[in-house]
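The values are calculated or read from the model by the stated rules, or taken from the named source; none is laboratory data. Note that the coordinates shown come from a computational prediction; the quantities given were computed from them, not determined experimentally. Cβ placement follows ideal geometry from the backbone for every residue including glycine, while neighbour counts extend to all protein chains displayed.
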């Protein structure tokens with residue numbers, strides 16, 4: 001009789017054969033074994049299938065070739081739909097587990113905790129061989145737990161490969177997004193299931209490259225503007241009263257040099273624009289650009305604008 005896996009490791013794959021092999025190698029050596037691997041392959045060829053079928057981990061792998069290209073993040077959602085585990089551990093194909101006990105520590109947190117969402121410390125691994133460790137401080141964790149919407153200002157959780165969460169068929173990644181899609185999911189999940197729990201161990205290596213969707217989307221108004229406002233639609237009205245959220249809106253409008261509402265609409269966003277946005281734009285338009293983009297001056301004007309609107 002087949003044993004139901006506790007954890008479904010969902011891997012949305014696309015072309016990068018060597019990266020996927022590195023990830024599978026790191027899964028193969030895990031000491032915790034009550035898992036299944038779901039691979040949803042968005043690649044045009046058969047190269048990944050051939051590697052997966054010959055990999056020593058293949059008995060634990062459920063491989064699915066997408067009939068059509070789903071893209072990011074719908075290919076992530078496809079893995080969830082195919083999964084049979086109670087918990088979802090998404091792993092992007094350019095990331096990998098730091099050591100053989102990584103999955104054990106995720107499973108141990110589930111066993112001892114009461115939450116539905118856990119995330120770990122992690123290491124950014126760059127293509128040139130450099131790396132840096134990312135660990136969340138007490139104050140940052142407290143702010144996320146008290147008001148998940150502060151993630152709008154900064155993604156303190158990290159990329160999806162550092163998280164594990166209890167499966168909820170009604171919660172998936174918003175397939176209209178690709179830049180802020182992870183933050184959007186985190187906020188919605190915490191609102192429904194409560195705050196996240198933190199595992200202060202470096203359990204995952206995050207492969208950093210220019211090919212990543214989030215990095216390639218940065219600074220592109222036709223992506224950033226619609227997604228920022230789509231995410232803004234899901235925030236509560238009270239969120240703007242938190243200065244970190246207000247500051248995020250301020251920096252966003254400043255950095256993209258948004259001078260009027262027409263720029264927002266021309267970006268492709270057709271939804272409701274919050275009432276405070278025209279006020280921020282009007283205030284920023286009165287400030288010379290050289291001053292507006294100078295850190296200390298910009299922060300001072302932001303606080304003045306915040307106090308006026310609040």
For this session: Could you list all residues from segment 22-35 that are free of Cβ contacts under 8 Å to residues at least 60 places away in the same chain and either surrounded by fewer than 16 Cβ atoms within 10 Å (Cβ to Cβ) or not assigned by TED's automatic domain parsing to the domain that holds residue 164 (or both)?
Result: 28, 33
Seminar exercise, completed: When (1) outside any strand (DSSP E or B); (2) out of contact with any helix residue (DSSP H, G or I) (no Cβ under 7 Å at 6 or more places or on another chain); (3) closer than 30 Å to residue 25 by Cβ are applied to residue 172, the one that fails is (2)
Exercise. Can you spot a residue in segment 23-31 that is in a loop (DSSP other than H, G, I, E, B) and out of contact with any strand residue (DSSP E or B) (no Cβ under 7 Å at 6 or more places or on another chain)?
Worked result: yes
Exercise. Of all residues in segment 196-233, how many are at pLDDT 95 or above, surrounded by 15 or more Cβ atoms within 10 Å (Cβ to Cβ) and outside any helix (DSSP H, G or I)?
Worked result: 11
Exercise. If residue 308 satisfies every condition in (1) at pLDDT 95 or above; (2) in a helix (DSSP H, G or I) but one, which is the exception?
Worked result: (1)
For this session: Could you run through segment 274-304 and say how many residues are in a loop (DSSP other than H, G, I, E, B), modelled with pLDDT under 95 and exposed (fewer than 15 other Cβ atoms within 10 Å of the Cβ)?
Result: 3
Problem set entry | Selected residue (criterion: surrounded by the fewest Cβ atoms within 10 Å (Cβ to Cβ)) from residues of segment 72-107 that are more than 21 Å from residue 30 (Cα to Cα) and in contact with a helix residue (DSSP H, G or I) (Cβ under 9 Å, 6 or more places away or on another chain) | 72
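Here is a yes/no grid of residues against (1) in the same structural domain as residue 204 (by TED's automatic domain parsing); (2) without any contact (Cβ under 8 Å) to a residue 40 or more places away in the chain; (3) under 21 Å from the mean Cα position of the chain (by Cα); (4) closer than 26 Å to residue 123 by Cα:
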{"residue": "13", "(1), (2), (3), (4)": "yes, no, yes, yes"}
{"residue": "16", "(1), (2), (3), (4)": "yes, no, yes, yes"}
{"residue": "37", "(1), (2), (3), (4)": "yes, yes, yes, yes"}
{"residue": "54", "(1), (2), (3), (4)": "yes, yes, no, no"}
{"residue": "64", "(1), (2), (3), (4)": "yes, yes, no, no"}
{"residue": "90", "(1), (2), (3), (4)": "yes, no, yes, yes"}
{"residue": "97", "(1), (2), (3), (4)": "yes, no, yes, yes"}
Problem set entry | Single unsatisfied condition, residue 189 versus (1) at pLDDT 95 or above; (2) closer than 28 Å to residue 253 by Cα; (3) surrounded by fewer than 18 Cβ atoms within 10 Å (Cβ to Cβ) | (3)
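With the requirement that a residue be surrounded by fewer than 18 Cβ atoms within 10 Å (Cβ to Cβ) and closer than 28 Å to residue 26 by Cα, what does segment 146-168 give you? Step through it out loud before you land on a result.
Of the residues in segment 146-168, the ones surrounded by fewer than 18 Cβ atoms within 10 Å (Cβ to Cβ) are 146, 154-155, 166-168.
Answer for segment 146-168, where residues must be surrounded by fewer than 18 Cβ atoms within 10 Å (Cβ to Cβ) and closer than 28 Å to residue 26 by Cα: 155, 166, 167, 168.
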Seminar exercise, completed: How many residues of segment 252-272 are in contact with a helix residue (DSSP H, G or I) (Cβ under 8 Å, 6 or more places away or on another chain) and exposed (fewer than 15 other Cβ atoms within 10 Å of the Cβ)? The answer is 7
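Does residue 70 meet the test of being part of a helix (DSSP H, G or I) and touching a residue at least 24 places away in the same chain (Cβ under 8 Å)?
Working: part of a helix (DSSP H, G or I): no; touching a residue at least 24 places away in the same chain (Cβ under 8 Å): yes.
Here the answer is no, as residue 70 does not meet what is asked.
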For this session: Would you confirm whether any residue within segment 72-83 is over 22 Å from the mean Cα position of the chain (by Cα) and under 24 Å from residue 203 (Cα atoms)?
Result: no
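Filter segment 128-143 down to the residues that are closer than 20 Å to residue 102 by Cα and assigned to a loop (DSSP other than H, G, I, E, B) and list them by number.
Residues of segment 128-143 that are closer than 20 Å to residue 102 by Cα, as a first pass: 131-136.
Scanning segment 128-143 gives 135, 136.
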Exercise. Would you call residue 246 farther than 30 Å from residue 27 by Cα, in contact with a helix residue (DSSP H, G or I) (Cβ under 8 Å, 6 or more places away or on another chain), in contact (Cβ under 8 Å) with a residue 12 or more places away in the chain and not assigned by TED's automatic domain parsing to the domain that holds residue 151?
Worked result: yes
Exercise. Only one of these conditions is not met by residue 240: (1) farther than 24 Å from residue 75 by Cβ; (2) modelled with pLDDT of 95 or more. Which number is it?
Worked result: (2)
Problem set entry | Flag if residue 125 is in a helix (DSSP H, G or I), in the same structural domain as residue 184 (by TED's automatic domain parsing) and in contact (Cβ under 8 Å) with a residue 12 or more places away in the chain | no
